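Data block below; observations after.
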Amino acid sequence: MTVEQLVESYGSVGLFVGSSLEGEASAMLGGIMVHQHLIRFWPAIIALALGSFLADQVFFLLGHWWRNSAIVRSVQGSTAGARVLTTFNARPDVFAFSLRFLYGLRMAGAVTIGTTDYPWLRFILLNAMSALIWALAWVTLGYLFGQALAPLFERLSGYSHFIWAGIAAALCIAAVAVMASRRRRAQRLTTRD
């Protein structure tokens, strides 16, 4: 089985899992996969939106059901959690909708919103709309990025599929390393405040 066949067979599942963990890199990769005709546009959108949506629902429910637990209180008591609560209280619907687009606040935001009396059904609706728009935007960017890389892909098409797997793995590792570095930097900056 070739890498292309593996991606075609399991691409949506990989995008679903990736978007629930660290979304932007997975969504960009989804757009590149669409451009390379390894997955169709709408299945990529649905997988990414659904994975991201469900992860945020889990974080919301963790905040709601375990609001008095030490872990939830530590998230809510953190600098990020305090900022989330202040911003949320000013405009709850706008914040619930835009949470996905605020880098580094997605988990803390959903958990913190879950600790409030914000209606779950409203969060479901706003989260679903936000997840769909987010997936559309990132897959489109990935598609355009894939279009820019198409000549490179064509030149390398004669190489082994294992090289492609290595390149994809290296890009994913690099993306995760950059995001982890940014997250650590953001945490250091918030602890100074």
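The values are calculated or read from the model by the stated rules, or taken from the named source; none is laboratory data. Computed from a predicted model, the values in this text were never measured in an experiment. In this analysis, Cβ positions are derived from the backbone assuming ideal geometry, glycine residues included, and neighbour counts consider all displayed protein chains. Only protein heavy atoms, including side chains, enter the accessible area calculation; ligands, DNA and RNA are left aside. Shrake-Rupley method; radii C 1.70, N 1.55, O 1.52, S 1.80 Å.
The figures follow:
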item	result
Distance in nm between pseudo-label sites at Ala82 and Ala180 (7 Å out along the Cβ direction from Cα)	2.9
Label-point separation, Ala137 to Val13 (7 Å along Cα→Cβ), nm	3.0
Percent carbon-and-sulfur accessible area, segment 46-149, ignoring ligands, DNA and RNA, probe 1.4 Å	72
Gain in span if fully extended, Arg73 to Phe145, counting 0.36 nm per residue against the direct Cα distance	21.9 nm
Pair Ala90, Gln36: separation of 7 Å Cα→Cβ label points (nm)	4.2
Solvent-accessible surface (1.4 angstrom probe) belonging to Met33, in square angstrom, nearest 10	20
Coarse-grained scattering of segment 20-61 at q = 0.32 Å⁻¹, given as base-10 log I(q)/I(0) from a Debye sum over alpha-carbon atoms	-1.05
Per DSSP, loop chymotrypsin sites (Phe, Trp or Tyr not before Pro) in segment 61-131 with at most 16 further Cβ within 10 Å	Trp66, Tyr103
